[in-house]
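K.L.:
Could you have a look at this structure, given as structure tokens, before my questions?
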Amino acid sequence: MMIDILIDADPEWDSSAGWPDLSRSAANAAIAESAFPQLGAGPRAVEIGLRLGGDEEVRLLNAQWRGKDRPTNVLSFPMAEADDLTSSAGDGPELMLGDIILAHGVCAAEAADKAIPLTQHAAHLMIHGTLHLLGYDHGDEASAIDMEAREVRALARLGIADPYGGALERHGG
């Protein structure tokens, strides 16, 4: 698999957590559970930008791009068009799926509320963000159910239990 994750992390994100391996595993799992599994298996390089940022940075982006003046756990900024996703099985220039940013404070608080490690919650949010880059959303109930089912299957590939417990739950972005 030719998935390249370019990571930029604030110091508050523990550098010993193994973010490069975790993010690559999360992206591969999400891609495998998407309608575009060829992206992870083909000869074409696929790139995702991952920013492990702070709450204020995410709050500003959330206000600018979504009109919601508050931090959220994850934001995704897709760059690939649908045609790029379906025609990417062959050789070609690197395919930039887009950027994902996680807010440390929000993620850490959510992980603490769920009594799970930050790395496990971050993996879930990376999967969630990658699915957004692939065109999935949770804007209506049917889309949310589909996206969450893909998340649960992707998390299972990483040995992480269903975070929803079978219940529909809404996310940040």
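K.L.:
Return yes or no: is Gly40 at pLDDT below 90 and in contact with a helix residue (DSSP H, G or I) (Cβ under 6 Å, 6 or more places away or on another chain)?
P.N.:
Criteria met by Gly40.
K.L.:
A follow-up question, please. I need a count of the residues in segment 100-136 that are in contact with a helix residue (DSSP H, G or I) (Cβ under 7 Å, 6 or more places away or on another chain), farther than 15 Å from Gly54 by Cα and charged (D, E, K, R).
P.N.:
The number of residues fulfilling the criteria is 1.
K.L.:
Can I ask one more? Return yes or no: is His128 at pLDDT 95 or above, within 23 Å of Ala161 (Cβ to Cβ), in contact with a Pro (Cβ under 8 Å, 6 or more places away or on another chain) and not basic (Lys, Arg)?
P.N.:
Answer is no for this residue.
K.L.:
Here's another thing I want to ask about it. Mind checking which residues of segment 62-78 are without any contact (Cβ under 8 Å) to a residue 24 or more places away in the chain and either more than 28 Å from Ala108 (Cα to Cα) or aliphatic (A, V, I, L, M) (or both)?
P.N.:
Residue satisfying the conditions is Ala63 alone.
To keep it simple, each residue is scored yes or no on (1) touching a helix residue (DSSP H, G or I) at 6+ places or on another chain (Cβ under 7 Å); (2) closer than 21 Å to Arg153 by Cβ; (3) not hydrophobic (A, V, I, L, M, F, W, C).
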{"site": "Pro11", "(1), (2), (3)": "no, no, yes"}
{"site": "Ser34", "(1), (2), (3)": "yes, yes, yes"}
{"site": "Glu47", "(1), (2), (3)": "no, no, yes"}
{"site": "Ala63", "(1), (2), (3)": "no, no, no"}
{"site": "Thr72", "(1), (2), (3)": "yes, no, yes"}
{"site": "Phe77", "(1), (2), (3)": "no, no, no"}
{"site": "Asp84", "(1), (2), (3)": "no, no, yes"}
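K.L.:
Further question: Looking only at segment 124-134, decide whether some residue is assigned to a strand (DSSP E or B) and under 18 Å from Pro20 (Cα atoms).
P.N.:
No - not one qualifying residue is present in segment 124-134.
K.L.:
Go through segment 110-153 and give me each residue that's basic (Lys, Arg) and within 15 Å of Ala30 (Cα to Cα).
P.N.:
Arg150, Arg153
K.L.:
Need pairs with beta-carbon distance below 7 Å; first residue touching a residue at least 12 places away in the same chain (Cβ under 8 Å) and of a type in the set (Gly, Ala, Ser) and within segment 36-61, second crowded, with 16+ Cβ neighbours inside 10 Å and in a loop (DSSP other than H, G, I, E, B); sequence gap 6+ or separate chains.
P.N.:
Sorted first by the residue in segment 36-61, then by its partner, the pairs are Gly42/Ser88.
K.L.:
Please find, within segment 118-156, the residue that is surrounded by the most Cβ atoms within 10 Å (Cβ to Cβ) out of those that are in contact (Cβ under 8 Å) with a residue 24 or more places away in the chain and over 28 Å from Glu12 (Cα atoms).
P.N.:
Leu134
K.L.:
May I pose another question? Quick test of your reading of the structure: Pro43 fulfils all but one of (1) closer than 25 Å to Gly139 by Cβ; (2) out of contact with any Gly (no Cβ under 6 Å at 6 or more places or on another chain). Name the failing condition by number.
P.N.:
Among (1) closer than 25 Å to Gly139 by Cβ; (2) out of contact with any Gly (no Cβ under 6 Å at 6 or more places or on another chain), Pro43 violates only (1).
The values are calculated or read from the model by the stated rules, or taken from the named source; none is laboratory data. In this text, all values refer to a predicted model and were calculated from it rather than measured experimentally. So basically every Cβ, Gly included, is an ideal-geometry build from the backbone, and we count neighbours across all protein chains shown.
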